[in-house]
Amino acid sequence: MVRQVFAYIVHKEGAADDTALEMVAAAKRIDPDASITAIVFGTGDDLNAACNEIVSSYQEVWKIDNEALSCPDAEATRTLLVRILPGKAIVIIPHDTFGMDLAPGLSIKLDAAYLPDAVDIEGVDENRLKAVRQEYSGQISTHVVCDISGGAVITARPGSFKAEETKGTGGQIVDKTAEALKGEFPETGRRFIEVVEAEVGDVDITRSDILVSVGRGIEDEDNMEIVHDLARAMGGDVACSRPVVDAKWLEKSRQVGTSGKTVKPKVYMALGISGSFQHQGGIKGAPFMIAINKNPNAPIFQAADVGVVADILDFVPELTDKINGSR
Amino acid sequence: MEILVCIKRVPDTSENEIIVNRNGTNIELEDLVYSVNEWDNYAVEEAIQIRDRVGGSVTVVTVGDEEAEEVVRREMAMGADKGILLSDEVFNGSDGKGVAGIIKAEVEKGKYDLILTGALADDGAGQVGGMLAAMLDWPYASLVICLEEIDDKKIKIGREIEGGNLEMLEINLPCVLSIQTGINEPRYVGIRGIRKTASVEIPVHGAEELGLSSESVGESGSNLKRLDYFVPDPGEGAEILEGSADEIVEKLVELLKVRGGIK
Ligand SMILES: Cc1cc2nc3c(=O)[nH]c(=O)nc-3n(C[C@H](O)[C@H](O)[C@H](O)COP(=O)(O)OP(=O)(O)OC[C@H]3O[C@@H](n4cnc5c(N)ncnc54)[C@H](O)[C@@H]3O)c2cc1C
Ligand SMILES: Nc1ncnc2c1ncn2[C@@H]1O[C@H](COP(=O)(O)O)[C@@H](O)[C@H]1O
């Protein structure tokens, strides 16, 4: 029997997200011969464009077209998915802010297992799906087994499954709107108002060539001075991880990561940053990365080019002095 | 507003280096320092602020062993009015669905207008809030970073989405929200404050009080099981600079000059 796997497609302004093809790769990790169906919610031209873009990579593309789906609505999407999915379905969803909103509740409504934030899938033995997850913001990995006999909802970490270049045999687009809506759009108790864009700050770190980025390891607001001093010496700008913004030591516009800015500098210096995937998700263009961290096992060392195991409170002032003295 | 906040006791990653034990069956538990999950402090602070604005009460609840009582006391020292510990041998090894089911049973014994959870905990799942909402058939929103009361039937919230943009929503009460860090500045709790709650009686509810069968919770009720713990192969990890501090600084400055890291 050919296993059927469903993939939820994220798209924006008529273009499929990078994850659209990553979901194919993830589905093939479950079963290389799986029949893979994409499910695309949206409306009008944008929806059609997204469906056309991916149709050659999927056996089938199910589209659900409704005006109310022009902005993402996880609550309504969940109800619609429950209506159209067959029993014991296996569904893969990108682990982004929409997936986090949709997936846990979907697993309950489908009475299926939930495998959150998978970074790798090693295949299925009988009904036991073996996968890799991370805990403690990436410090430790675990192999997990998930009982998929009653179906499964899986969220796959964006960027973890490499999309294949070669296109598949190509499939067809099936309009599932009528079946999903059954004449009415679901009432959810949650109403979309608007999207408010993030504020722009004094410095645009997305344009900086040299970023000196600081994390929770700086420990105290009073220590921030040493980071500004180093950035000045290097001729770069100061950026940071999320906890520094949460503590209000820097403006939100300086935050690098999935819920902050996407930067593409030539040099990225990570000071006291552990290297969570949400942080690294905001660093693009493969900069020369230097990590300074007192924990030799910090995940940031796996991403960096050069590492120094040291206390930044001691090391950074020494580095600044050296740079200033070497001119 | 009657508010329930779900909290979890977790190893404090700023106090511990988390390492895998010798045979890979768990993390090294010896000498671990525990604290309240970071996200849950923001959830409790938000609940306290709502209560102080519109009245009502804040209850904190956790599923855990007897040692989890300490985080309940800590959050009561922050200002929560009540605390409940959900604890039973048969709860051990519950997955996210198990934990959500246990909390659901407690929710049904009370009357709440709003339930807050953290967006994420130590195992990086971010699942309990969304599962609980679906089990209760209440509306849900995750990653909430701003919140404003409208009336006793609905509230206005902002979800933080990619790029730090806000998805503004109106949501009916009762509902479940998962709270993202940065929504507020959790107040500091000193040793004195914690001492004041040291003798408060914390009710403990087990499977029987909650009307839960032992098959629905613990290992037997869980779909997801861990096989082992490991640290991934560093692959082509960083070149770690070695030597005296002076030597390292010197090497680094050279590298920075070559790579255009000094303007
Ligand atoms: C939906 C969502 C979106 C998110 N978006 C983002 C985002 O956009 N950007 C982001 O950064 N995070 C984001 N996060 C948070 C993310 O999960 C991590 O919590 C965060 O990145 C951790 O920041 P950190 O590395 O500074 O802190 P920690 O993980 O606490 O790491 C601190 C590091 O400093 C080291 N250290 C401590 N003291 C010293 C010292 N004296 N000298 C040297 N090293 C020291 C420690 O060894 C540790 O490795 C998001 C989370 C969620 C759930
Ligand atoms: N054992 C638990 N007891 C109470 N609440 C929990 C427990 N585990 C998780 N939660 C809640 O669910 C949130 C998200 O955790 P998780 O779904 O485990 O990532 C936490 O921030 C808590 O609010």
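The values are calculated or read from the model by the stated rules, or taken from the named source; none is laboratory data. These numbers come from a predicted model, not from an experiment. Counting neighbours? That spans all protein chains shown, and the Cβs are built from the backbone with ideal geometry, glycine included. Only protein heavy atoms, including side chains, enter the accessible area calculation; ligands, DNA and RNA are left aside. Shrake-Rupley method; radii C 1.70, N 1.55, O 1.52, S 1.80 Å.
Per residue, the accessible area of the protein assembly as shown comes to 43 Å² when a 1.4 Å probe rolls over the protein heavy atoms. Under the membrane-span-like helix rule (DSSP H runs whose alpha carbons stretch at least 20 Å along the helix axis, mean Kyte-Doolittle hydropathy 1.0 or higher), chain A yields none. Computed from the Cβ-Cβ distance with R0 of 30 Å, the FRET efficiency linking B:I240 to A:K264 stands at 0.75.
Gain on full extension, evaluated as 0.36 nm per residue between B:V231 and B:K263 minus their Cα-Cα distance, stands at 7.8 nm. When the solvent-accessible area of the range B:2-221 is split by element, carbon and sulfur atoms take up 45 percent of it, the probe being 1.4 Å.
Residue ranking by accessible heavy-atom surface, 1.4 Å probe, largest first, among B:D12, B:D233 comes out as B:D233, B:D12.
Report the FRET efficiency, 1/(1 + (r/R0)^6), for B:D81 and B:Y34, where r is their Cβ-Cβ distance and R0 is 30 Å, rounded to 0.05.
So, using R0 = 30 Å, E works out to roughly 0.80.
Only protein heavy atoms count here; under a 1.4 Å probe, B:E254 has an accessible surface of about 100 Å². Across the range A:283-327, the residues whose backbone nitrogen lies under 20 Å from the label position 7 Å along the beta-carbon direction of B:S14 are A:292-300, A:310-316. For the range A:1-87, the Kirkwood hydrodynamic radius from C-alpha pairs, put into Stokes-Einstein at 10 °C and a viscosity of 1.306 mPa s, yields a diffusion coefficient of 120 µm² per second.
Straightening the chain between B:K109 and B:E250 buys 44.3 nm, computed as 0.36 nm per residue apart minus the Cα-Cα spacing.
Taking a cut-off of 15 Å, what percent of all Cα-Cα pairs in the range B:165-263 are separated by more than that? Of the Cα pairs, 85 percent sit more than 15 Å apart. Convex hull volume of the C-alpha atoms in the range A:75-139, normalised per residue: 97 Å³. Note on the range A:205-325: Cα Rg divided by 2.2 N^0.38 Å, N the number of residues, gives 0.93. Diffusion coefficient of chain A by Stokes-Einstein, Kirkwood radius over Cα pairs, 20 °C, 1.002 mPa s: 99 µm²/s. Surface calculation, 1.4 Å probe, protein heavy atoms: B:L166 sits at approximately 40 Å² accessible. Using C-alpha pairs below 8 Å separated by at least 6 residues, the relative contact order for the range A:205-325 is 26 percent. So if we plug the beta-carbon distance of B:R22 and B:E208 into 1/(1 + (r/R0)^6) with R0 = 22 Å, what FRET efficiency do we get, rounded to 0.05? After rounding, the FRET efficiency stands at 0.05. Computed extension gain for A:R3 through A:Q172, at 0.36 nm per residue and net of the alpha carbon distance, reaches 59.0 nm.
Per residue, the convex hull spanned by the alpha carbons of the range B:23-137 comes to 117 Å³. Of A:C71, A:C240, the residue with the largest accessible area leads and the full order is A:C71, A:C240 (1.4 Å probe). Here the simple spin-label model places points 7 Å from the Cα toward Cβ, and for A:E194 and A:R327 these points are separated by 4.6 nm. What the Cα atoms of the range A:142-241 give is an Rg and a Dmax of 24.2, 65 Å. Look at the alpha carbon pairs under 8 Å that are at least 6 residues apart: their mean separation over the length of chain A gives a relative contact order of 14 percent. Taking only the alpha carbons of the range B:40-107, we obtain Rg and Dmax values of 12.9, 39 Å in that order. With 20 Å as the limit, the listed pairs A:K248/B:K263; A:K261/B:K257; B:K97/B:K225; A:K162/A:K252 have A:K248/B:K263; A:K261/B:K257; A:K162/A:K252 beyond it between alpha carbons. Shown here: the range A:191-235, whose C-alpha atoms stretch 47, 26, 14 Å along the first, second and third principal axes, sorted largest to smallest.
Based on C-alpha pairs under 8 angstrom that are at least 6 apart in sequence, chain B has a relative contact order of 23 percent.
One Cα centroid belongs to the range B:113-161, the other to the range A:175-204; the line between them spans 16 Å. Once the mean of 1/r is taken over each pair of separate Cα atoms and inverted, the range A:4-181 shows a Kirkwood hydrodynamic radius of 16.1 Å.
Among the listed pairs A:K109/A:K264; B:K104/B:K156; A:K109/B:K109, those whose Cα-Cα separation exceeds 29 Å are A:K109/A:K264.
Only protein atoms count toward the accessible area here, which uses a 1.4 Å probe; on chain A, the carbon and sulfur part of that area reaches 46 percent. Summed over both chains, the area buried between B and A is near 7100 Å², taken from the accessible surface of protein heavy atoms with a 1.4 Å probe. Site pair A:E225 and A:K88 shows an inter-label distance of 6.7 nm when each label is modelled 7 Å from Cα along Cα→Cβ.
Each eigenvalue of the Cα gyration tensor of the range B:2-221, multiplied by 5 and square-rooted, gives one semi-axis; in descending order these are 26, 20, 19 Å.
For the protein assembly as shown, the Cα-based Rg and Dmax, in that order, read 24.2, 74 Å.
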